[in-house]
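Each reported figure results from applying straightforward, stated rules to the coordinates on display, with no laboratory input. On a predicted model such as this, the values are computed, not experimentally measured, just so you know. Heads up, the Cβs are rebuilt from the backbone with ideal geometry, glycines too, and the neighbour counts pull from every protein chain shown.
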Amino acid sequence: MSIHPHSAYYIKLGSGGHMEQASIEQNGTLWLSYKDVPHELCQNGQWEHVKSLLIQRGAKPSTATSHTNQIRAFYEADENTLWVTFYKNRLWYCFAEPGVTRLPDGSKTRDTKDGWKSTDVKGKSLEIGGLSGSLLSMQGYRGTVCTVREFKYLIRKINGETVPAEQTALDARTTLIQALEQIIKQLHWKDFELLTDLIFRQAGWQRVSQLGKTQKTLDLDLLSPIADERYLVQVKSSAGRQQFEQFQVNTSNMAEYRRYYFVVHTPVSGLTEASETETHKLWLPADIAKLVTQYGLIDWVIEKAT
């Protein structure tokens, strides 16, 4: 179900995030330090007393006000306030139950309603790589609690929603990929072999050798210079399920390779129903079209087809 909070706060779970794992993975809580600030004053809403206490302990008035506001938000935010943080390269969010508990060491906690979540309402992981820099900039906040300025954007991401311009772009990309898929099927087998090579090279792989030059297939022996792993790639203009299964058998004892790719632009005889394994991967036109888009090879494919 979609969420509809009226406001949102970012919270840093401990200095350097030292309470993130306990709060998110174990306890399902919000955690606040401020161990020397009396729980009773906060619980009774005596915020001027809290501010005065912080000033007495050496804080500047402006700093004391900031700290007081952060503590107050932790204590007074209602059940419809969204809380977010960052942990293990993901955005996490929750709603909190009312009431604050003081722990023996003086720190404070609030229970979450249903634990912390790191996927949107549609089940997609909220990886930080897919979030805007404006939202991620909160990670640099030096305090503990702050208001989320990118509130509308945050709620759209959690609800898995897109604005009209985004949807237009997504629809255009889908149309482009579908068109590329049809163009790829028309490529001459030599061009298709070269395209496969270009895709892997764009992804950072280096070709060790090229085999089968006299055949209408191309075996690429590829090396990842960083991981020091080798891949074997066989390219066919047309193939069926039986050929893919034979490819699996033929390469099963080649222990020097990490993975084996069977790349086909015109699948026949049940190839689309064939099952991949952890080591043996199958690339069909739709897969190749997406990679062409991802690695900026669109113009190359169009030029080869015209």
- Query: Roughly how many whole Å is it from the C-alpha centroid of the range 244-275 to that of the range 47-112?
  - Reply: 56
- Message: Show me the three semi-axes of the equivalent ellipsoid for the range 252-306, from the C-alpha gyration tensor (sqrt of 5 times each eigenvalue), largest first, rounded to whole Å.
- Response: 25, 15, 9
- Query: Rg to Rh for the chain: what is it, with Cα atoms only and Rh by Kirkwood?
  - Reply: 1.17
- Task: Kindly work out what percent of the DSSP beta bridges joining two residues of the chain are antiparallel, to the nearest 5.
- Result: 65
- Got a sec to turn the phi values of the range 268-283 into Karplus ³J(HN,Hα) couplings, 6.51 cos²θ - 1.76 cosθ + 1.60 with θ = phi - 60°, whole Hz, x for Gly and Pro? 9, 6, x, 5, 5, 9, 5, 9, 7, 10, 4, 9, 10, 10, 10, 10
- Enumerate by residue number the trypsin sites (Lys or Arg not before Pro) in the range 33-119 meeting two conditions: DSSP loop (anything except H, G, I, E, B), and at most 13 other Cβ atoms within 10 Å of the site's Cβ. LYS35, ARG57, LYS88, LYS113
- Note on the structure: Scoring only Lys, Arg, Asp and Glu (+1, +1, -1, -1) among other residues with Cβ under 11 Å from the Cβ of TYR87 yields +1
- Message: Please give me the summed charge of the neighbours of GLY17: other residues whose Cβ is under 15 Å from its Cβ, Lys and Arg +1, Asp and Glu -1.
- Response: +2
- Task: Using only the Cα atoms, work out Rg/Rh for the range 50-164, with Rh taken as the Kirkwood radius, to two decimals.
- Result: 1.02
- Note on the structure: Here the relative contact order (percent) of the range 60-189, from C-alpha pairs under 8 Å and at least 6 apart, is 18
- Item | Interatomic Cα distance distribution for the range 211-306, bins of 10 angstrom, percent | 14, 43, 35, 7, 0
- Counting helices only, and only those DSSP H runs with n ≥ 4, report the 222 nm mean residue ellipticity of the chain as the sum of -39,500 (n - 2.57) divided by its residues, in deg cm²/dmol to the nearest 500. -10500 deg cm²/dmol
- For TYR153 and LYS124, extending 7 Å from Cα along the Cα-Cβ vector and measuring point to point gives, in nm, a value of 1.6
- Query: Any idea how many Lys pairs in the range 48-145 come in under 19 angstrom at the alpha carbon, given 8 or more places apart or on separate chains?
  - Reply: 4
- Message: How much length would be gained if the chain were fully extended between ALA203 and GLN182, taking 0.36 nm per residue of separation minus their Cα-Cα distance, in nm to one decimal?
- Response: 5.3 nm
- Item | Full-extension gain in nm, LEU136 to LEU223, via 0.36 nm per residue minus C-alpha separation | 27.9 nm
- Task: Would you work out the charge dipole size for the chain about its Cα centre, treating the Cβ of every Lys and Arg as +1 and the Cβ of every Asp and Glu as -1, and quote it to the nearest 20 debye?
- Result: 540
- Taking a crude spin-label model, label points 7 Å out from Cα along the C-beta direction, the ASP111 to ILE302 distance in nm is 5.9
- Task: Treat every Asp and Glu Cβ in the range 193-306 as -1 and every Lys and Arg Cβ as +1, leave all other atoms uncharged, and give the resulting dipole magnitude about the Cα centre to the nearest 20 debye.
- Result: 180
- Item | Estimated distance in nm for a label pair at ILE55 and GLU256, the labels positioned 7 Å out from Cα along Cα-to-Cβ | 7.7
- Note on the structure: Amide H neighbours of GLU161 at under 5 Å, excluding residues fewer than 5 places away on the same chain, with H built from the backbone geometry, are none
